[in-house]
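A short write-up of the structure that comes next.
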Amino acid sequence: MDEQINYNLTQLATWKRIFFMLVFTAIGSLVRMALWFVILLQVASTLLTGKANPNVLSFGRSLSVYTYHILLFLTFNTETRPFPFSEWNLTAELQLPKE
């Protein structure tokens, strides 16, 4: 048992993944702030014009999908690193493991 733990602790891949998890946690925080800006922009657009701005809708959708990809990576549901280490809209194509 102790040998297995020691082996796991010495694996470079594990520490590399932890490093990337920390990086994507920080990026995720920035993306969430940008999402709040999108929300406020859409509220203002709806109040002023009566409808949501289609360009901001598209941007908000992209940020939401990106956030989802980050969360999939952080929860070990995928080994595919999010943008900028993969394509921006890759999340829809990810092959997630079955339960």
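Here is a yes/no grid of residues against (1) over 18 Å from Pro82 (Cα atoms); (2) surrounded by 11 or more Cβ atoms within 10 Å (Cβ to Cβ); (3) in contact with a Lys or Arg (Cβ under 6 Å, 6 or more places away or on another chain):
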| site | (1), (2), (3) |
| --- | --- |
| Ala13 | no, no, no |
| Ile18 | no, no, no |
| Phe24 | no, yes, no |
| Val31 | no, yes, no |
| Thr49 | yes, no, no |
| Asn53 | yes, yes, no |
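The combined condition, being surrounded by 13 or more Cβ atoms within 10 Å (Cβ to Cβ) and at pLDDT below 95, is not fulfilled by Val38.
Cβ-Cβ distances below 8 Å connect the following pairs, each with a first residue in segment 78-89 that is more than 15 Å from Met21 (Cβ to Cβ) and in a loop (DSSP other than H, G, I, E, B), a second residue that is among the β-branched types (Val, Ile, Thr) and at pLDDT 85 or above, and a separation of six or more residues or different chains: Ser86/Thr80; Asn89/Val65.
Tell me, please, whether a residue that is under 30 Å from Trp15 (Cα atoms) and out of contact with any Gly (no Cβ under 6 Å at 6 or more places or on another chain) can be found in segment 41-61. No - not one qualifying residue is present in segment 41-61. Scanning segment 12-34 for residues that are touching a residue at least 24 places away in the same chain (Cβ under 8 Å) and either among the aromatic types (Phe, Trp, Tyr) or more than 26 Å from Leu74 (Cβ to Cβ) (or both) yields Phe20, Phe24.
The residue pairs whose first member lies in segment 35-52 and is within 20 Å of Ser64 (Cα to Cα), whose second member is among the aromatic types (Phe, Trp, Tyr) and loosely packed, with under 12 Cβ neighbours inside 10 Å, and whose beta carbons are closer than 6 Å, counting only pairs six or more residues apart or on different chains, do not exist in this structure.
The values are calculated or read from the model by the stated rules, or taken from the named source; none is laboratory data. Since this is a predicted model, take the numbers as computed values, not measurements. Here the Cβ is made from the backbone with ideal geometry for all residues, glycine too, and neighbour counts use every protein chain on show.
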